[in-house]
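The values are calculated or read from the model by the stated rules, or taken from the named source; none is laboratory data. Since the model is a prediction, treat every value here as computed from it, not as a measurement. Every residue, glycine among them, receives a Cβ derived from its backbone with ideal geometry; neighbour counts consider all protein chains shown.
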């Protein structure tokens, strides 16, 4: 599978069945704010992304900051969307809708379950859920607009 050339995508030896989605060579960029990000396919048109929330993702209430959750969702559109089959390497987020349902805990892996609903020549549409240890943290939907070509 072709992904963006800046992304290291290979099996993760510490988490069997998961693949890396690593931008460590781009540490100075915002993409690195989430830290370790893993991905795996979850059937046709579906993928799961996993982040590992730490103290740097916490708000003053010691739960995951809403901005960290939104960042994770946005990255899941791309990483999960690619594994779900969408050609989104050079896309931009067109819209994102989120409904927060439960607080996210620090120190517990958080999964974004992503489903590709439809893809056209210029757009990709997604639904998803954030799930942590069996608890539904948020539901989301969004669309990406594909670039005409690589920058």
Tell me yes or no: at least one residue of the range 3-20 is surrounded by fewer than 18 Cβ atoms within 10 Å (Cβ to Cβ), assigned to a strand (DSSP E or B), touching a helix residue (DSSP H, G or I) at 6+ places or on another chain (Cβ under 8 Å) and at pLDDT 85 or above. no
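Which residues, counting only those in the range 21-31, are more than 22 Å from residue 133 (Cβ to Cβ) and crowded, with 16+ Cβ neighbours inside 10 Å? Please lay out each step first, then the result.
Of all residues in the range 21-31, those more than 22 Å from residue 133 (Cβ to Cβ) come to 22-31.
Residues satisfying the conditions are 22, 23, 31.
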Looking at the range 74-93, can you tell me whether even one residue there is touching a strand residue (DSSP E or B) at 6+ places or on another chain (Cβ under 6 Å), farther than 24 Å from residue 147 by Cα, assigned to a strand (DSSP E or B) and in contact (Cβ under 8 Å) with a residue 40 or more places away in the chain? no
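Here is a yes/no grid of residues against (1) more than 15 Å from the chain's Cα centre (by Cα); (2) over 22 Å from residue 23 (Cα atoms):
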position	(1), (2)
77	no, no
91	no, no
96	no, yes
101	yes, yes
110	no, no
115	no, yes
Count, please, the residues in the range 41-73 that happen to be assigned to a strand (DSSP E or B) and closer than 24 Å to residue 19 by Cα. 8
Are any of the residues in the range 42-50 within 19 Å of residue 82 (Cα to Cα), touching a helix residue (DSSP H, G or I) at 6+ places or on another chain (Cβ under 6 Å) and modelled with pLDDT under 85? no
Flag if residue 34 is crowded, with 17+ Cβ neighbours inside 10 Å and at negative phi: yes
Subset of the range 40-70 that is under 15 Å from the mean Cα position of the chain (by Cα) and without any contact (Cβ under 8 Å) to a residue 40 or more places away in the chain - its residue that is surrounded by the fewest Cβ atoms within 10 Å (Cβ to Cβ): 67
Among (1) surrounded by fewer than 23 Cβ atoms within 10 Å (Cβ to Cβ); (2) out of contact with any helix residue (DSSP H, G or I) (no Cβ under 9 Å at 6 or more places or on another chain), which single condition is residue 82 missing? (1)
